[in-house]
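**Q** This structure is in structure tokens; I'll ask about it shortly.
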Amino acid sequence: MKRLLILSLMAGLFVVTGCHNKNVTVKNDSLDLSNLDTTVSCGSDFYQYACGGWMKKNPLKPEYSRFGSFDQLRENNKEQLKDLIMELGKKKFDQGSIAQKVSDLYNLGLDSVRLNSESIAPLAAQIKDVLEAKDKKAFSIKIANLQKQGASPFFSLFVGADDKNSSENIVSLYQSGINMGDRDYYLLNDSDNLKIRNAYEKYVEKIFVLAGYKSEDAGKAAKSVLKTETKLANVFYTREKLRDPQINYNKMPFNKFAALTPAIDWNAYFEAMGVKTPSEINPMQLGFIKGMNSVISGLSPEEMQNYLVFHLLDAASPYMSDDFVSASFDFYGKTMSGKQEQQPRWKRSLEITSNALPEAVGEMYVDKFFPPEAKERMVKLVKNLQVALGQHIDSLEWMTSETKAKAKEKLDAVYIKIGYPDKWRDYSGLTIDKSDSYWENICRANEFEYNYMLDKIGKPVDKTEWGMSPQTVNAYYSPNTNEICFPAGILQPPFFYFDADDAVNYGAIGVVIGHEMTHGFDDQGRQYDKDGNLKDWWTAEDARQFNLRADKLADQYSSIIVVDTVHANGRFTLGENIADQGGLRVAYTAFKNAQKNNTEKIDGFTPDQRFYLAYAALWAMNIRDAEILRLTKIDPHSLGKWRVDMALKNIDTFYKAFDITPGDAMYLDPEKRVVIW
């Protein structure tokens, strides 16, 4: 049995006995030792050992279905943004200025008296407009209008890089139109899904009642909506099928596409969008699009009206009177996620404002909270991670030199974005007018964003464009532009400490960097070349060797039981699990390259131990069972506990750092460990 970590605070010093440490050292604030659970050995449950103290200090509040390190940083950022916006209210600014738009939109969201007095009025004209539609052309126009205003009936349209011609933008269609988000909610008949489905029908009915429908009519309309969405769910691609980029690439001439989907008047649709009919289009889930066409063809005008009116009401509910907001929260928040209370109004309004004016708010945020020195430090970290990943590629025994050379070319070509864009977006074309309703302003903001996207049609891809706002607490890799992006919002503690020791920064933000880089070589990303084109650059044998290892990793995660008898979906989460493992291994190598032979302990922990403790701290989280079940259906990431415990079981250097031996629950036989990158 391993010795437990025992902690006592005395005269500013920490006396620590680690799993195999006996040292007295000065406290370093970048790794908070009170986040540890000293009653558990690191070999039995490393996640609990590293994060149990944090979880005890941060019990779930009623407004959350989960709360973790990511959420804590998001909350800190919200407080910072709130202060910035409150400062705007103390100053005079010109109509049409960024300050006016941000301040007025935020305050519109706070005005509960006005929102409640307006009730359904802001939606009345749009509802009437949908109910007046009777034929294919009219309904096609309404679908376009609703999509521009923030709803997603039947499908979603987006404009982005062509997967097989990545320098050019293309119009793509993506399956949508079921508001519970996953086909299983509609198709499975176990007790949990039946409970949610019944609650959904009641929610739909309530929304219709709030919109002025008589009770009997609302009930019939709700059944009609559920029937339509269930038909769509039947032709939805599975989560696993959505992960195959080859299956989801179906570019064709527009005329051929239109002939396959005659239930929609596409000329009327694109005219309503305000753009010319494209010469080519990519219906990504072609099977769904064909099935959707059959669903639409079988709908009566009344069924189509019910479906479209509900999607309008559902999209608008968060911006309406309290009865609409409560109805939406009761289903999506309470029933589906397990939340007990709404977030305070100021948080909701702040998030909406940040999403509506992302770079406008981001510019304010960066100016106050992200110094140039932090960006410079991150640039150096990213370069170090690139070198380390290159070393890993060179050392792979299962990959041929031919494929290695192309992998290195792709790595060298990665486009890196850190902190904030070099050029800020222009919001002069967006009008925010407090004399109009909150919903009217939201619609204008949505249409402004949609038109910004539509304007890319027929133009080359702009690789300087950002896919996340600077204040976002997240990061991403884009395969068809071969870029990684780390917004300023995530470059804060506990992910990045400007003055921390290397072990902590490489274990935290270093792993995040490595994670995003590895996405370029996961089961999806590896299918794109250095220019972002969907192109096979692997030898057949190298691809086979990769898949053998990937399948083994998928099986590991599928063996996890998340709640009761429900298993994780290792195939659905495969890309993220590969990236977690690659991020850990690559960041550790970069850390060792930077540290050389440093063995100095801080707070009684070796550099290697601090590296892994910093990593685990990223995923500290409390979460409700309902949210676990929901995320297992819709989230391609593993739950926080398994991003630590399962990922680390495959990392040899973790075993050495904490003296994990056979008999420990954290021990996995060497022949069962998976190494991909």
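**Q** Does I513 count as among the hydrophobic types (A, V, I, L, M, F, W, C) and in contact with a strand residue (DSSP E or B) (Cβ under 9 Å, 6 or more places away or on another chain)?
**A** yes
**Q** Filtering segment 304-342 down to residues that are surrounded by fewer than 19 Cβ atoms within 10 Å (Cβ to Cβ) and in contact (Cβ under 8 Å) with a residue 60 or more places away in the chain, which residue is nearest to the chain's Cα centre (by Cα)?
**A** Checked segment 304-342; the qualifying residue nearest to the chain's Cα centre (by Cα) is Q342.
**Q** Restricting segment 55-90 to residues that are assigned to a loop (DSSP other than H, G, I, E, B) and not polar (S, T, N, Q), which is nearest to N441 (Cα to Cα)?
**A** It comes out as G89.
**Q** Take S30 and tell me if it is part of a loop (DSSP other than H, G, I, E, B) and modelled with pLDDT of 95 or more.
**A** no
**Q** Please determine, by comparing only the residues of segment 158-185 that are of a type in the set (A, V, I, L, M, F, W, C) and in contact (Cβ under 8 Å) with a residue 60 or more places away in the chain, which one is surrounded by the fewest Cβ atoms within 10 Å (Cβ to Cβ).
**A** Looking at residues that are of a type in the set (A, V, I, L, M, F, W, C) and in contact (Cβ under 8 Å) with a residue 60 or more places away in the chain, I get F158.
Here's the yes/no breakdown for (1) under 26 Å from R571 (Cβ atoms); (2) outside any helix (DSSP H, G or I):
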{"residue": "F486", "(1), (2)": "no, yes"}
{"residue": "P494", "(1), (2)": "no, yes"}
{"residue": "V511", "(1), (2)": "yes, no"}
{"residue": "E516", "(1), (2)": "yes, no"}
{"residue": "D522", "(1), (2)": "yes, yes"}
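**Q** Looking at (1) farther than 23 Å from L313 by Cα; (2) touching a Pro at 6+ places or on another chain (Cβ under 9 Å); (3) surrounded by 15 or more Cβ atoms within 10 Å (Cβ to Cβ), find the lone condition where V414 falls short.
**A** Only one criterion in (1) farther than 23 Å from L313 by Cα; (2) touching a Pro at 6+ places or on another chain (Cβ under 9 Å); (3) surrounded by 15 or more Cβ atoms within 10 Å (Cβ to Cβ) is unmet by V414, namely (2).
**Q** If you check G458 against the conditions, is it modelled with pLDDT under 95, over 24 Å from the mean Cα position of the chain (by Cα), farther than 30 Å from F496 by Cβ and part of a loop (DSSP other than H, G, I, E, B)?
**A** Criteria met by G458.
**Q** Regarding T632, is this residue in contact with a strand residue (DSSP E or B) (Cβ under 8 Å, 6 or more places away or on another chain) and among the hydroxyl-bearing types (S, T, Y)?
**A** yes
**Q** I would also like to ask the following. D499 fails exactly one of the following numbered conditions: (1) within 30 Å of D625 (Cβ to Cβ); (2) assigned to a loop (DSSP other than H, G, I, E, B); (3) out of contact with any Phe, Trp or Tyr (no Cβ under 7 Å at 6 or more places or on another chain). What is the number of that condition?
**A** Tallying (1) within 30 Å of D625 (Cβ to Cβ); (2) assigned to a loop (DSSP other than H, G, I, E, B); (3) out of contact with any Phe, Trp or Tyr (no Cβ under 7 Å at 6 or more places or on another chain), D499 fails exactly one: (1).
**Q** Is it true that some residue in segment 411-426 is closer than 23 Å to G109 by Cβ and under 26 Å from the mean Cα position of the chain (by Cα)?
**A** The answer is yes, given that some residue of segment 411-426 is closer than 23 Å to G109 by Cβ and under 26 Å from the mean Cα position of the chain (by Cα).
**Q** Here is a further query. Do you know which residues across segment 485-509 are among the aromatic types (F, W, Y) and within 14 Å of G583 (Cβ to Cβ)?
**A** Correct list: F486, F495, Y506.
**Q** Which numbered condition in (1) buried (at least 18 other Cβ atoms within 10 Å of the Cβ); (2) touching a Phe, Trp or Tyr at 6+ places or on another chain (Cβ under 6 Å) is the only one that L385 fails?
**A** Status for L385: all satisfied but (2).
**Q** Within segment 187-209, which residues are over 26 Å from the mean Cα position of the chain (by Cα), surrounded by 16 or more Cβ atoms within 10 Å (Cβ to Cβ) and of a type in the set (S, T, Y)?
**A** Within segment 187-209, no residue meets the criteria.
**Q** Take the conditions on the phi > 0 side of the Ramachandran plot and either in contact with a His (Cβ under 7 Å, 6 or more places away or on another chain) or modelled with pLDDT of 95 or more (or both) and apply them to D659. Does it pass?
**A** yes
**Q** List the number of the failed condition for Y307; all other conditions in (1) touching a Ser or Thr at 6+ places or on another chain (Cβ under 8 Å); (2) more than 30 Å from E118 (Cα to Cα); (3) among the aromatic types (F, W, Y) hold.
**A** (2)
**Q** For segment 186-210, how many residues are of a type in the set (D, E) and without any contact (Cβ under 8 Å) to a residue 12 or more places away in the chain?
**A** 1
**Q** With L110, L123 as the choices, which residue is touching a residue at least 12 places away in the same chain (Cβ under 8 Å), surrounded by 18 or more Cβ atoms within 10 Å (Cβ to Cβ) and not β-branched (V, I, T)?
**A** L123
**Q** Shifting gears a bit: If I filter segment 454-471 for residues that are closer than 19 Å to H515 by Cβ, out of contact with any strand residue (DSSP E or B) (no Cβ under 7 Å at 6 or more places or on another chain), buried (at least 18 other Cβ atoms within 10 Å of the Cβ) and not hydroxyl-bearing (S, T, Y), do I get at least one hit?
**A** no
**Q** May I pose another question? Kindly establish whether D426 is loosely packed, with under 13 Cβ neighbours inside 10 Å and at pLDDT below 95.
**A** Taking the combined requirement at face value, the residue does not satisfy it.
**Q** A follow-up question, please. Name the residue, out of V414, V361, V387, that is in contact (Cβ under 8 Å) with a residue 60 or more places away in the chain and in contact with a strand residue (DSSP E or B) (Cβ under 8 Å, 6 or more places away or on another chain).
**A** From the options V414, V361, V387, the qualifying one is V414.
**Q** For segment 91-197, list the helices (runs of 4 or more DSSP H) that sit wholly inside it and hold at least 1 residues that are farther than 30 Å from K78 by Cα and not hydrophobic (A, V, I, L, M, F, W, C); which are they?
**A** By residue number, 121-131, 136-149, 184-187.
**Q** Could you please let me know if K90 is exposed (fewer than 15 other Cβ atoms within 10 Å of the Cβ) and outside the structural domain of T653 (by TED's automatic domain parsing)?
**A** Yes.
**Q** Also, I was wondering about something else. Among the residues of segment 447-454, are any closer than 27 Å to D71 by Cβ and among the hydrophobic types (A, V, I, L, M, F, W, C)?
**A** There is no residue in segment 447-454 that is closer than 27 Å to D71 by Cβ and among the hydrophobic types (A, V, I, L, M, F, W, C).
The values are calculated or read from the model by the stated rules, or taken from the named source; none is laboratory data. These figures come from a predicted structure and were not determined experimentally. Positions of Cβ are generated from backbone atoms using ideal geometry, with glycine treated the same way; all protein chains shown enter the neighbour counts.
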